[in-house]
Amino acid sequence: MRMTLGLFAAGLVLLCAVPVVAHHSFSVEYDAGKPVKVTGAVTKLEWTNPHARLYVDVVGSDGTTTNWNFEMASPNILERNGWSRRAVQPKDQVVVEGFGGRQSANRGIANSVTFNDGRALFAGAPDR
Amino acid sequence: MRGVKGEMQMRRLLVVVVATLMLPLSAQSQTQGPPEAASDAAVPFRAGGTTPLSDMASLPTPRMADGTVDLWGTWVGGGPVNDMAAGLKAGEELPMLPWAKALRESRTNPEDPHNFCLPMGVPRQAGAFPWRFVPYPTHTAATHLFILWEGFRNYRQIFMDGRPHSEDPTPSWFGESIGWWDGDTLVIDSIGFNDKFWWDRAGTPHTEQLHIVERWTRANFSTLNLEATIDDPGAFSRPFTVYHTAKHSAPGDELKEYICEENNQFGLAGGHPNPYRADPAP
């Protein structure tokens, strides 16, 4: 796994930051009452707009595999927060924490992605 | 701003050097108005990312060789997001006509055209992602001024050559804009808007009678203030004014590509159909 951490003039300027708003409101798509924490193997990272998407194969207790589709922020925002399109590769083991879709059982929104070596990256998509 | 590459490189170098010497610097708020409505405030979700900013408020407003204020830079903010009323002065309310208020209350967020990659119009478009003013020509008094928005890859054209408004402009998402300088303030006068875009996630409506006068003032290097007076007798009982502030993003931060139509899966997780698709796929 290669990870490019974008550092913006690190060491040169003390940066302040404002939250950016995303493509849509959280609550119209996802349910805060459905917290999700899954561990699985990455099958694909779509570095696309309006949202990047991380697909993860998750093996359930019954042995069946479900391919989760996690929405993340848009690539422009992710790149400004330490991500790159090479941050994860297929077969990488990750832990994804977030929330489930209001209707779709295997769609969710990623709040954070934690890698095998313990590093975690922000992944949130909407403004809250 | 004059389009001289060497000059721009020197300017950027100056920005970084001066900013380095100014550690530490304090943060400033993004908007002048009250906090935006936080309808999702109870959701235990981490803030949706940040755009790094450079606080160089103590640096003076930059100017071009002829003394005109230089608006160059990558800006963040400057428009409403959740509620147009957030830009009002404290205690004010949007003077919506009854039908407009009823329409706003009937609208639901999943219907927001923006969710389906349609433009956010003026002044909402500035509230999302970084953007820039780009004059043309760059080496003399501009006849055109363009706004390039990273979000949704939209642009806006402002005529700076002294022409009046058209008699009957075709209604459009960003309207017809003419601009001029009033001292150090850039004035943009716009008509010819369509009524399709929503001003905010709450669905605040407007009509094709909309007339917006924006006054952009670069108060210092990193602060760009907007005072927008909105007159739409079709939807509001009187003109009103909203205030927003854009901040300069971090040195080296440039616009990035954002093609919303590329992979928009909005609605699939929440079960919302696209109301703007005239002929839904079978």
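None of the figures in this text is laboratory data; all of them are computed from the coordinates on show. Model, not experiment: these values are computed from the prediction. Virtual Cβ from ideal backbone geometry, glycine too; neighbours counted across all protein chains shown.
Give me D for segment B:193-235 in µm² s⁻¹, whole number, from Stokes-Einstein with Rh from the Kirkwood sum over alpha-carbon pairs, 20 °C and 1.002 mPa s. Each step should come with its number before you reach the end.
Working: Rh = 12.0 Å.
For the chosen part, D equals 179 µm²/s.
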Next on the checklist: If I take R0 = 41 Å and measure r between the Cβ atoms of B:Arg238 and B:Ala141 in this structure, what FRET efficiency does the formula 1/(1 + (r/R0)^6) give, to the nearest 0.05?
Outcome noted: 0.70
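Per Stokes-Einstein, at 25 °C and 0.890 mPa s, what whole-number D in µm² s⁻¹ belongs to segment B:99-198, with the Kirkwood radius over Cα pairs as the hydrodynamic radius? Working shown, then result.
Working: Rh = 15.1 Å.
In µm²/s, the coefficient is 163.
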Checklist entry - Over the Cα atoms of segment B:54-138, Rg to Rh with Kirkwood Rh, two decimal places? => result 1.09
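Mind ranking B:197-207, B:100-110 by how tightly packed they are, going by the mean number of other C-beta atoms within 10 angstrom, highest first?
Numbers: B:197-207: 22.5, B:100-110: 15.5.
Most protected by this proxy first, the peptides run B:197-207, B:100-110.
Just the number: Rg to Rh for segment B:121-165, Cα atoms, Kirkwood Rh, two decimals. Each step should come with its number before you reach the end.
Working: Rg = 11.6 Å, Rh = 11.3 Å.
For segment B:121-165, the value is 1.03.
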Checklist entry - Taking a spot 7 Å from the Cα of B:Tyr276 along the direction of its beta carbon, which residues of segment B:176-199 have an amide N less than 11 Å from it? => result B:196-198
Checklist entry - Where the eigenvalues come from the Cα gyration tensor of segment A:26-122, what are the semi-axes √(5λ) of the equivalent ellipsoid, largest first, in whole Å? => result 19, 17, 12
Checklist entry - What is the distance, in nm, between label points placed 7 Å from the Cα along the Cα-to-Cβ direction at A:Lys91 and at B:Val134? => result 4.3 nm
Checklist entry - Using 7 Å Cα-to-Cβ label points, what is the B:Glu93/B:Asp195 separation (nm, one decimal)? => result 2.3 nm
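Give me the number: length gained by fully extending B:Thr229 to B:Arg163, i.e. 0.36 nm times residue separation minus the C-alpha to C-alpha distance, one decimal in nm. Could the numbers behind the result be given before it?
On the way: separation 66, 0.36 × 66 = 23.76 nm, distance 2.10 nm.
That works out to 21.7 nm of additional length.
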Item to check | Inter-site label distance for A:Asn106 and B:Asp66 at 7 Å from Cα along Cβ, in nm | outcome: 6.2 nm
Item to check | Which listed pairs, of A:Lys37/B:Lys247; A:Lys34/A:Lys91; A:Lys37/B:Lys196; A:Lys34/B:Lys89, have C-alpha distances above 31 Å, in listed order | outcome: A:Lys37/B:Lys247; A:Lys37/B:Lys196; A:Lys34/B:Lys89
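Compute, for segment A:26-122, the length of the dipole vector about the Cα centre, with Cβ point charges of +1 (Lys, Arg) and -1 (Asp, Glu) only. Units Debye, rounded to 20. Could the numbers behind the result be given before it?
Working: 11 positive and 10 negative charges, 35 e Å.
Dipole size: approximately 160 debye.
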